[in-house]
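Below is one structure, written out as structure tokens; the observations come after it.
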Amino acid sequence: MELENQIALVTGGGRGIGKTISETLASQGAQVYLGGTNLETAEETAKSIRDKGGKAFAICLDVSKREHIQNAFDLIVGEAGRLDILVNNAGITKDGLLVRMKEEDWDQVLEVNLKGAFLCSQLAVKQMMKQRSGNIVNISSIVGQAGNAGQANYTASKAALIGLTKTMALEAAPRGIRVNAIAPGFIETDMTGALNEKIREGLMGKIPLGKLGSSQNVADGVLFLVSDRADYITGQVLNINGGMLM
Ligand code: NAD
């Protein structure tokens, strides 16, 4: 097992891509804390991991609330004594064309997707600096690199996450901490499941590998980046997009 005895926090770990990331880290021996705004969903996922012999616990964590983040870190470090892996996965969309986008929709998306990752990372890096080791992975997006009409707020947050990743990587590297980002393309989740056939067909024409990605594709990227196999990789963006953007 590649992550035996490691302590991990996955924000938004209860469902979607975060759920698969949590399951994958736990399958490699990590003790995973699944942060969620919906504690019931996070607990359901944590229980299913425990039922398979893994170590997983749900914690109440809304990344737009500073006190939640502080409480979650106090709980994890109090209980486990350390934090080895942070995956900033929590993310939301509030789409709309630029000219009609409400200021509150801009603020909310930046608050969760970017500021949430900043606040979690700040506490994680402080702890990891004491340990002189640790790994952070930020889940960005292909649209943070390419743009996407109707997603000014989301694309700005995901592009900024890449800048944050590189700066954190520079600041934390001397203490043995690695920070990387993953930019998934279109991944088969509840969100993309709602796309109609016509939009799906249009998408396929733009993906050289001819299919949507799976949440497992993203989780495997996270596992690689936090494992020792990637111990000379920091400040990078791993594109997992079927060749859609090169
Ligand atoms: P999802 O909506 O299924 O999951 C998002 C998770 O974030 C949920 O667990 C949700 O509870 C959590 N969350 C939302 N607001 C939160 C908050 N304030 N505090 C804590 N948690 C919060 O979406 P997903 O497709 O699984 O997306 C996961 C990540 O991957 C997101 O950052 C998303 O932007 C990114 N991403 C997804 C795709 C895709 O095609 N699905 C592509 C690129 C990037």
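Structure data summary
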read-out: Any chance Thr155 is among the β-branched types (Val, Ile, Thr), more than 16 Å from the chain's Cα centre (by Cα) and assigned to a helix (DSSP H, G or I); value: no
read-out: Residue list for the stretch 144-180, filter: in contact with an Asp or Glu (Cβ under 8 Å, 6 or more places away or on another chain) and among the polar types (S, T, N, Q); value: Gln151, Asn153
read-out: Those residues of the stretch 84-98 which are in a loop (DSSP other than H, G, I, E, B) and either within 8 Å of the ligand (Cβ to nearest atom) or buried (at least 18 other Cβ atoms within 10 Å of the Cβ) (or both), in sequence order; value: Asp84, Asn89, Ala90, Gly91, Ile92, Thr93
read-out: Options Gln122, Gln145, Gln127; residue that is closer than 14 Å to Ala156 by Cα and either in a loop (DSSP other than H, G, I, E, B) or more than 12 Å from the chain's Cα centre (by Cα) (or both); value: Gln145
read-out: Test: residue in the stretch 59-70 that is buried (at least 18 other Cβ atoms within 10 Å of the Cβ), away from the ligand (no atom under 13 Å from the Cβ), outside any helix (DSSP H, G or I) and under 18 Å from the mean Cα position of the chain (by Cα); value: no
read-out: Filter result (among the hydrophobic types (A, V, I, L, M, F, W, C), buried (at least 16 other Cβ atoms within 10 Å of the Cβ) and touching a residue at least 24 places away in the same chain (Cβ under 8 Å)) within the stretch 120-155; value: Cys120, Leu123, Ala124, Val125, Met128, Met129, Ile136, Val137, Ile139, Ile142, Ala152
read-out: Qualifying residues in the stretch 15-32 (those that are surrounded by 24 or more Cβ atoms within 10 Å (Cβ to Cβ), small (Gly, Ala, Ser) and within 15 Å of the ligand (Cβ to nearest atom)) - the one farthest from the chain's Cα centre (by Cα); value: Ser22
read-out: Meets criteria (modelled with pLDDT of 95 or more, at positive phi and surrounded by fewer than 19 Cβ atoms within 10 Å (Cβ to Cβ)) for Gly12; value: no
read-out: From Leu225, Leu209, residue being more than 14 Å from the ligand (Cβ to nearest atom), under 18 Å from Ala146 (Cβ atoms), in contact (Cβ under 8 Å) with a residue 12 or more places away in the chain and not hydroxyl-bearing (Ser, Thr, Tyr); value: Leu209
read-out: Candidate set: the stretch 71-83, residues that are among the aliphatic types (A, V, I, L, M) and buried (at least 18 other Cβ atoms within 10 Å of the Cβ); chosen: the one farthest from the chain's Cα centre (by Cα); value: Ala80
read-out: Scan of the stretch 158-205 for residues that are within 14 Å of Val137 (Cα to Cα), part of a strand (DSSP E or B) and within 10 Å of the ligand (Cβ to nearest atom), ordered by number; value: Ile182, Ala183, Pro184
read-out: Residue under evaluation Ile136, criteria (1) in a helix (DSSP H, G or I); (2) under 24 Å from Ser227 (Cβ atoms); (3) of a type outside the set (Ser, Thr, Tyr), criterion not met; value: (1)
read-out: Selection count, the stretch 1-44, where residues are in a helix (DSSP H, G or I) and either touching a residue at least 40 places away in the same chain (Cβ under 8 Å) or not β-branched (Val, Ile, Thr) (or both); value: 17
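The values are calculated or read from the model by the stated rules, or taken from the named source; none is laboratory data. These numbers were taken from a predicted model, which means no experiment stands behind them. So basically every Cβ, Gly included, is an ideal-geometry build from the backbone, and we count neighbours across all protein chains shown.
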